[in-house]
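Working notes, beginning with the structure itself.
What follows is calculated from the coordinates using simple rules that are stated; it is not laboratory data. Note that the structure is a prediction, hence the values are computed from the model and not measured. FYI the Cβ positions are ideal-geometry reconstructions off the backbone, even for glycines, and counts take in every protein chain you see.
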Amino acid sequence: MVFFNPHPSTDEDDWRSGNTESFDTNELEGTLLVAPGCVPDGESVSLIIRSPNGTETIPDIVSDGVCSYAIYDQIQSLQREQLPFGIDVRYKGDIFPLFKVKTLGKYDIDDQNNIVAITPYYLPSNCRARFEYNTATKSDAGTMKLNKTVIFDKNVPSSIKVTETNLDTNDDLIVFKKDDVRTRRHPINLDDSRLTPLEKADRLIEGNGCDQDVDEALRILRSLSENGDSQATLRLARLYLTGLSVVTDLQKASDYFTLYMEQKTASN
C-alpha cells in the first residue's frame, strides 16, 4: 500500500529518479494499491510507468479511498531488461512521483556561490559520463573520471550539462543541467538544400550552428509527424519526456510514443 499527499512535482527530471535494484516487485503480490489522500471516491487517478521503452498510463477510479493497479508483469519485464524506470501518479494534470529511477553512477554535486563542482564517486563499467560547458566565448567537453572533480565557472552566463550514457542500451540520462546561454557552433545556412527538415529541426532545438529557435523546430517536427515521419514523432516524444528545451509533458510524450508505434507498424 502506498499513501501519498498530493503535491505537484516541480522537478522536471523526476522521471529519472529511483532504481530497479531498490524496488522489489515480489512485495507487490501482483498489485500496487494507492491511497491518494484527499482525492474523493469516483475521481480518476492514473498510474504512469516511465522507462526508455516509453510511457504507459494505467487509469483507475478511486473507490473506498483506494486505487488498484496490476503492474507486476510490466515492472518484472523492465527489471529483466535492466532498464531504469519511474512510477508516477497523475491527478487532474498534476504529476506526483512515487518511485524514482536513479542514474547508473553516483555523483557529488556542489552547486553554490560562483561555481558548480561535480565529482563522480561511483561509475560502473557500463556507464560513461560526459560534460559539456559553453559560454559566449568558449566551449569545453570531455569524459568524467572517477573521483576527479570538474569545476564550472558560474560568473558568466553559461550552459552546463553532464550526461550519463548506459553503454548497454545507449540511453542517455541527464545528471546535471544549467542553461543560461546558447552558443553558436560551426555556423550553417539553414536554407542549404542538403539539410533535411529533420536535420534542420535538430539544429534549431540545440542552437547548433544557428540561433536556437525551439518554436520553429517544434513546428517542423509536428509537420513531419503529421505527414507520417516516425523519426520526427519519436523526437517529439523524447523531447516531452526528457524536458530538453521544452517543458516536460508526460501526456504529450505518451501520445507521441503511441503515434510512433502506430506509424512504425503501418510502415512494416
(message) Give me the one-decimal nm value for the distance between modelled label points at LEU195 and ASN227, 7 Å along each residue's Cα-to-Cβ direction.
(response) 1.7
(request) List every residue whose amide H lies under 5 Å from the amide H of GLY105, counting only residues 5 or more places away in sequence or on a different chain, with H placed 1.01 Å from N in the peptide plane. (result) none
(message) Straight-line reach from LYS145: which lysines fall under 17 Å, measuring Cα to Cα and dropping same-chain residues less than 8 apart?
(response) LYS106, LYS161
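Given a Förster radius of 35 Å and the C-beta distance between LYS178 and ASP73 as r, what FRET efficiency does 1/(1 + (r/R0)^6) yield to the nearest 0.05?
With a Förster radius of 35 Å, E is 0.35.
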(request) Figure the gain on full extension for ALA141 and SER63 (residue separation times 0.36 nm, minus the Cα-Cα span) and round it to one decimal in nm. (result) 22.8 nm
